[in-house]
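Throughout, read-outs are computed from the coordinates displayed, never taken from laboratory work. Note that the structure is predicted; figures quoted are calculated from it, not measured. Because the Cβ atoms are built from the backbone with ideal geometry, glycine has one as well, and the counts that use them run over all protein chains shown.
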Amino acid sequence: MLQNNITLEQVPQVVASLEQKVDRLVNLVLELKEGKSNIPDQWLDVEGLMAYHPDKPARKTIYDWVTLRRVPYHKDGKRLRFLKSEIDAWLAGGYHKTEDEMQEEAVDYVNAKRGGFRYDK
């Protein structure tokens with residue numbers, strides 16, 4: 001580790017050591033970005049998802065998400081399992097359309113198939 005009192009003679013060795021460590025960190029970050037990491041994916045149960053999710057949702061909320069198929073999940077018999085990588089991708093998924101936007105998009109799609117007739121409420 002880095003010492004508090006470094007002599008002038010030690011500076012080249014300390015800089016070389018730091019350079020090696022930075023290179024290793026950069027390579028690890030690049031591997032993570034490219035999905036080539038050797039770190040195995042992690043399985044979470046309901047309690048694990050409750051603890052991992054930034055909003056710390058209640059157990060019932062998670063079961064509601066599963067029922068509505070809003071969260072990626074896997075079922076092992078009666079047990080629910082969540083892959084951390086899938087949860088991360090889901091959380092990073094970004095913007096979701098409102099119900100009004102989806103309804104308007106559906107109406108526009110149907111009307112386009114019918115020949116351009118638009119029916120509004």
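Before moving on, here are some points about what is shown:
- For the stretch 41-115, relative contact order (Cα pairs under 8 Å, six or more residues apart, normalised by length) works out to 31 percent.
- Compactness check for the stretch 41-115: Cα Rg over 2.2 N^0.38 Å is 1.43.
- Taking label points 7 Å from Cα along the Cα-to-Cβ direction, S85 and Q20 give a separation of 3.1 nm.
- Pairs of lysine residues in the stretch 41-115 - Cα separation under 20 Å, sequence separation of 8 or more or cross-chain: 5
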